[in-house]
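Below is one structure, written out as C-alpha cells; the observations come after it.
The values are calculated or read from the model by the stated rules, or taken from the named source; none is laboratory data. This one's a predicted model, so the numbers in the text were calculated from it and none came from an experiment. Cβ placement follows ideal geometry from the backbone for every residue including glycine, while neighbour counts extend to all protein chains displayed. The accessibility values were calculated without ligands, DNA or RNA, using every heavy atom of the protein model including side chains. Shrake-Rupley method; radii C 1.70, N 1.55, O 1.52, S 1.80 Å.
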Number of protein chains: 2
Amino acid sequence: MSTKKFLLEEKDIPSAWYNIIPDMPNKPLPLLNPKTKDPLKTEELFPIFAEELARQEMNVTDSWIAIPDEVRELYRIWRPTPLVRATGLEKALDTPAHIYFKNESVSPIGSHKLNSALAQAYYCKKEGVTNITTETGAGQWGAALSFAAKAFGLELAVYMVKVSYHQKPYRRSIMQTFGAEVIASPSMSTRAGKDIITRNPNYQGSLGTAISEAVELAMQTPNCKYTLGSALNHVMLHQTVIGLEAEKQMEMAGEYPDVVIACFGGGSNFSGISFPFLRHKLRENSAVRVVAAEPTSCPKLTRGEFQYDYGDEAGYTPLIPMFTLGHNFAPANIHAGGLRYHGSGAIVSQLMKDGLMEAVDIQQLDTFKAATIFARAEGIIPAPESSHAIAAAIQEAEAAKREGKKKVILFNLSGHGLIDMASYDRYFAGDLANYSVSDEELKQNFKELEKII
Amino acid sequence: MSTKKFLLEEKDIPSAWYNIIPDMPNKPLPLLNPKTKDPLKTEELFPIFAEELARQEMNVTDSWIAIPDEVRELYRIWRPTPLVRATGLEKALDTPAHIYFKNESVSPIGSHKLNSALAQAYYCKKEGVTNITTETGAGQWGAALSFAAKAFGLELAVYMVKVSYHQKPYRRSIMQTFGAEVIASPSMSTRAGKDIITRNPNYQGSLGTAISEAVELAMQTPNCKYTLGSALNHVMLHQTVIGLEAEKQMEMAGEYPDVVIACFGGGSNFSGISFPFLRHKLRENSAVRVVAAEPTSCPKLTRGEFQYDYGDEAGYTPLIPMFTLGHNFAPANIHAGGLRYHGSGAIVSQLMKDGLMEAVDIQQLDTFKAATIFARAEGIIPAPESSHAIAAAIQEAEAAKREGKKKVILFNLSGHGLIDMASYDRYFAGDLANYSVSDEELKQNFKELEKII
C-alpha cells in the first residue's frame, strides 16, 4: 500500500464560487410560485431564505460569486482538502485505470456539507436573522449546519428523517453537542408532520417531509429563515469549491479526468466536484464525462420523469423543473439516508435532459461491497452515500481493465462513515437487502405529477 | 470564530523518531524477567515482540532511530497533521493565554495510534510474522492496528475491554470492517480470561486483563507476535513524530510553549507530544513544563506507587519499574476507556520520579464539560480521552486569566469523539458520574505490590 496526496496551500482556497448557469446552453426553466404557477420573482423567496441566498438562487448571469472573507476564514479550518491517488484501490482491483478521489471527509463534521452550511449561516447572520431551521437525512447536513449555526451565533432547529434519527443516533448527538435542537420527522410539531402521521402512523419519514416541516416552522417563527443542504442552485454554487480545488490538484498530478463521479441525493456534492470540470466541456468542449451515482431504490435520474414538482412532500416550496419520482415518493429505508430524496434540482435536471451528464443506479449491497474494498485498500471507511460513488468508480475501473485501456477516474469522497458503523455491522451480518422500485409505483406517481401543472 | 492553522509539507514528516533515554539524567530501571526477577535481556523479548521492536525497547544509546521508508510512506496518508491556534476556545474562555493544539484526530482512524501501529505492523511483516494479537481499551489502538495489519497483510486478533466493547460498538465495527477479529475481554478463549471470569463473572474488563489474553494467544500461536499501543518504550518512540512536527509548527507560529499537555493512559500520546519539548529542557534547560492529565478514577501518576509491577493482570509481562495502582486494579467504567490502565511505563515513571514532569487528575464530568466548550468553539468533537487534556489546558488558561499573564499552552488533541457520541448523550442526559478511588483500596493494592519483589 502506498499513497499519493496532492495538497494545496491555504492561499489556494478558491476566492469565488463558480455558477454554471451562464455557461449552460439551455438555462434551467424558471421556478414557479406554487399557488399562481407564475415564474417566481427573487423577492418571493425572501420570506423563506436570506435575501443574498435568494439572489444567488436566481442569478443566471454571473459566472463567479465572491466568497465572503468570513466564510473563507472558516473554510481554513479544514480546506483545502486533499486529492488522493488511490493506489491501494488500483492495486486491489488490478486495473490499468488511475483512480483519484477528493477527500471531503476530512472536515471536522466528516463531510462536504460544511461548504454550504457556513455560507448559509453567514448570510443569515449578516441579515439579522436569529433562528434557522433545516431538514437532514443521514445527518451530515444537520451536523454541518449545527456547527455553522454555533460559529455565527444562530439558534437552529433540525428536522431529522425518522429512519435516520433511529439508524444514526450519533449524528443526532453531534448536532445536540453543537447546541442544535433535533426533532424526528414526521413530528407532531407541524401541520405537515401531523397530516402525514395521521395518514400513515408508521411512516419513517423522507427528506421531502422533513423539508415541509422545516419550512413551515421557519414561516411561523419571527426572524427565522429556512436553509437546506442540497438541490437548490445556491447550494450547488457553494459546493463548487470542491471541484475548483480538484481542478488545480489534477494539474499537480499531471492528469485530467476522463470521468468525474459523485453520489447523488439532491446534487450538492455531485455539483461541487463536477461543475468546474463540466465548465471545460461547456466552454472548451473537453471530453470529460460526469456521472451521478444514485441508489436503485431512489432512481430519479435513471427512472424519474422531467416535470415541475414540489421540493417537499407537503407542497410548500416553489415548483421546481426537475427529474423527480414525485414529491410523495416514499423511498426504501436504505442506509444512505442522504440519498433518499425524490427530486434532483433544476440545474442538474437540465444538464441531464441535455445529455451533458450521465447517471447510474447502484444497489445497496454493491455499495457496501465497494465500501469494504475501499476501506481495506485506502484506510478510510466511507459514508454509505459516498460508497455509491466508489461503486461507480470501481465499475469504470473494471471496464478499463476489460478494455485494457488507461483511464483517469476522479470521484468525490463526500464523507466518512464512522457514524454509520451500525450499517456496516448489518451488512457483515447479512441483514441488508437490495431494493428496487416497481414500474407500477412509478406510473402511479407520474400520474399524480401530471396534475400539478 | 476564526482559525489559525500551521501546516507543514510532506517533506517535513520526520525522518527519525526521537529516543529520550540517552538524554535522561537517570535512566529507567531495567525491566525484569517475571520469573527470575533478573534484568531482562533483549533476546528474552523476542518470543513476544518482533525483534526490531524488542531492540528499540531496550535501546538506551541512540537518540534518533530512522523511520523506515515504508512507514514514512504510509504516514503520508494523513501526516503532517495540523497545529491549530484555538482562537475560538481562547475567546470562549476570555483568557490572555494563547492556546494551541496538535490535531492528531485527522488520521483516517481518528487518533494518533496509527503512528505506532504502522511501525509495529511493518517490523512484524518484515520479520516474516503472519499473525499478530493486541488489546484495546476504547478501541482507538485496535482500530489503528486493524488498518495497519491490513496494510501489511497480517491477520489480527484484538482483545477489546468488555466495557468498551459494549459502550463503543462502532469501534468494534471499524476493526471488523478492516478485517480484524475482535473478542470481548475477559473471554473464555484464554486461561487468563477464564481465570478472571471464574473469580468475577461480571467483571467488565481492564487493559491489564486484555493484555494478558493477547500475550497468551500470541505465545500459543505459531508465527504470531504480540503488539501493544502504549506504555512501552518503543511505542513512545514511534509517537514522537507528533512532537517533532509540533516543534517546527510552534516555530512557524513564532511562539514557544510554556506548558505542553496531553491526556495519560499508558503514555503514548503524552510522550509523543512532550518528549521532543522535554529534550529542550534536558539538553538546554528550557523552562517548558509538561503535564499529564489522567482520570481521577485511575490516578497512577498522582496517587500511584513507584514499584516494579506487571504490565498485565495475569502477570505474563516483564516486571516494569513504574508508578502503578497495582496490576489488578479494577478501574471504574468511565467513558475514557483508553485511560483505564493501572500503570505508566518505565520512561514516564522515571521522569515523574525525577520531577521533570507533572500530573493532574480530572473528574469525568469536568472532561465532558471541557469537551463541549471545545466542540462549540472549535468545531471538533473530542474523544473522551483527549478531553482530559482539554480540561487541563482550560485550567491553565483560567489560571493565566486570574494572574493576568500571557501564557502559551500546547495540548495534544489525540483523537476525535465521533465514535463516542453515546457518552455525550449520557452526559447531556445527566447520567454520567464522577469516580474516585478510596485510600483503603489503594493501600490494599500497594500491600499486594510489595510482595512482587
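In the calculated pair-distance distribution of the stretch B:73-131, the portion above 16 angstrom amounts to 58 percent of the Cα-Cα pairs.
Take the Cα of B:Lys4, go 7 Å toward its beta carbon, and the backbone nitrogen atoms of the stretch B:98-136 under 13 Å from that spot belong to B:98-101. Summing +1 for each Lys or Arg and -1 for each Asp or Glu among the other residues whose beta-carbon sits under 13 angstrom from that of B:Leu154 gives +2.
Remark: spin-label model distance B:Lys27-A:Lys406 equals 5.5 nm, labels positioned 7 Å along the Cα→Cβ axis.
Semi-axis lengths, largest first, of the ellipsoid equivalent to the stretch B:138-274 are 32, 17, 14 Å, with √(5λ) applied to each eigenvalue of the Cα gyration tensor. Under a model in which nothing but the beta-carbon of Lys, Arg (+1) and Asp, Glu (-1) is charged, the protein assembly as shown shows a dipole of about 20 debye around its Cα centre.
Inter-chain neighbour count for B:173-183: the average number of beta-carbon atoms from partner chains within 10 Å of each residue's beta-carbon is 4.
At an R0 of 41 angstrom, the distance between the Cβ atoms of B:Met219 and B:Arg76 translates into a FRET efficiency of 0.75.
Compute for chains A and B the buried accessible surface, both sides summed, probe 1.4 Å, and express it in Å² to the nearest 100. Using a 1.4 Å probe on protein heavy atoms, the buried area is about 3800 Å².
Listed by chain and number, the aspartates and glutamates whose alpha-carbon sits under 20 Å from that of B:Lys405, ignoring those within fewer than 8 places in the same chain, are B:Glu90, B:Asp94, B:Glu255, B:Asp258, B:Glu396.
The label-point distance for B:Thr302 and B:Glu251, in a model that sets each label 7 Å from Cα toward Cβ, rounds to 3.6 nm. In terms of its C-alpha gyration tensor, the stretch B:176-236 has a prolate overall shape, because the principal axis ratio a/c (a ≥ b ≥ c, square roots of the eigenvalues) is not below 1.5 and a/b outweighs b/c.
Let me know the whole percent of all Cα-Cα pairs from chain A that are separated by more than 28 Å. Across chain A, Cα pairs with separations above 28 Å total 44 percent. Values of log10 I(q)/I(0) for the stretch A:392-443 across q = 0.13, 0.21, 0.26, 0.30 Å⁻¹ run -0.66, -0.90, -0.92, -1.04, by the Debye formula with one identical scatterer at each alpha carbon and no solvent. Exceedance of the 29 Å cut-off in Cα-Cα distance is limited, within the set B:Lys41/B:Lys300; A:Lys168/B:Lys401; B:Lys168/B:Lys443; B:Lys126/B:Lys194, to A:Lys168/B:Lys401; B:Lys168/B:Lys443; B:Lys126/B:Lys194. For the stretch A:388-453, trypsin sites (Lys or Arg not before Pro) are listed when DSSP marks them as loop and at most 16 other Cβ atoms sit within 10 Å of their Cβ; the list is A:Lys405, A:Lys406, A:Lys451. The largest-to-smallest principal axis extents of the Cα set in the stretch A:213-357 are 52, 36, 29 Å. The helix-only estimate of mean residue ellipticity at 222 nm for chain A, built from DSSP H runs of length n ≥ 4 each weighted as -39500 (n - 2.57), is -12500 deg cm²/dmol after division by the residue total. Per atom type, the stretch B:75-177 shows carbon and sulfur on 47% of its accessible surface, probed at 1.4 Å. Projecting the Cα atoms of A:Ser116, A:Ala92, A:His327 onto the charge dipole of chain A (Cβ charges, centred on the Cα centre) puts A:Ala92 farthest toward the positive pole.
Here is the P(r) of the stretch B:27-132: all C-alpha pair distances, binned every 5 Å from 0, give 2, 9, 14, 14, 14, 13, 11, 8, 7, 4, 2, 0 in whole percents. The alpha carbons of the protein assembly as shown occupy a box of 89, 64, 51 Å along the principal axes, longest dimension given first.
Per residue, how many Å² of accessible area does the protein assembly as shown show with a 1.4 Å probe?
For the protein assembly as shown, the solvent-accessible area averages 32 Å² per residue.
Radius of gyration over Kirkwood radius for the stretch A:309-427, both on Cα atoms: the Rg/Rh ratio is 1.02. DSSP finds beta bridges in the stretch B:276-362, and of those with both partners inside it, around 60 percent are antiparallel. Taking label points 7 Å from Cα along the Cα-to-Cβ direction, B:Lys91 and A:Val60 give a separation of 4.0 nm.
Diffusion coefficient of the stretch A:62-183 by Stokes-Einstein, Kirkwood radius over Cα pairs, 4 °C, 1.567 mPa s: 82 µm²/s.
Within the shell defined by Cβ-Cβ distances under 9 Å, the residues around B:Asn131 carry a net charge of 0, with Lys and Arg each +1 and Asp and Glu each -1.
Between 0 and 90 degrees, rounded to the nearest ten: what's the tilt of helix A:384-403 against the longest Cα principal axis of chain A? Around 30 degrees separate the two axes. Surface composition of the stretch A:311-352: carbon and sulfur atoms hold 50% of the protein heavy-atom accessible area at a 1.4 Å probe. When you restrict to C-alpha pairs under 8 Å that are six or more residues apart and normalise by the size of chain B, the relative contact order lands at 20 percent.
Sort the stretch B:61-106 into rounded, prolate or oblate with this rule: let a ≥ b ≥ c be the square roots of the eigenvalues of the Cα gyration tensor; rounded if a/c is under 1.5, and if a/c is not under 1.5, prolate when a/b is larger than b/c, oblate otherwise. Oblate shape, in that a/c is at least 1.5 and b/c is the bigger or equal ratio.
Based on the Kirkwood approach, the hydrodynamic radius assigned to the stretch A:148-204 is 12.1 Å, with every pair of different Cα atoms included. What is the helix-to-structure angle for A:241-253, meaning the angle in degrees between its Cα long axis and the longest Cα principal axis of chain A, kept from 0 to 90 and rounded to the nearest 10? Tilt relative to chain A: about 10 degrees. When every alpha-carbon pair in the stretch B:1-53 is counted, what percent end up more than 16 Å apart? Considering the stretch B:1-53, 70 percent of its Cα-Cα pairs are separated by more than 16 Å.
With Cα atoms defining each centre, the stretch B:298-363 and the stretch A:7-45 are spaced 59 Å apart in the structure. The angle separating the long axis of helix A:140-151 from the principal Cα axis of greatest extent in chain A is about 70 degrees. Cα centroid separation, the stretch B:242-276 to the stretch A:67-131: 28 Å. Net charge of the neighbourhood of B:Glu213, taken over other residues with C-beta under 14 Å away and scored Lys/Arg +1, Asp/Glu -1, is -3.
When both bridge partners sit in chain B, DSSP labels roughly 40% of those beta bridges antiparallel. Each DSSP beta bridge with both residues in the stretch B:16-158 is either parallel or antiparallel, and the antiparallel ones are about 65%. In order along the stretch A:102-107, the Karplus-derived 3J(HN,Hα) couplings, from 6.51 cos²θ - 1.76 cosθ + 1.60 at θ = phi - 60°, round to 8, 9, 7, 6, 7, 5 Hz, and Gly and Pro are given as x.
Legend: Rg and Dmax of the stretch A:217-265, from Cα coordinates, 16.9, 53 Å.
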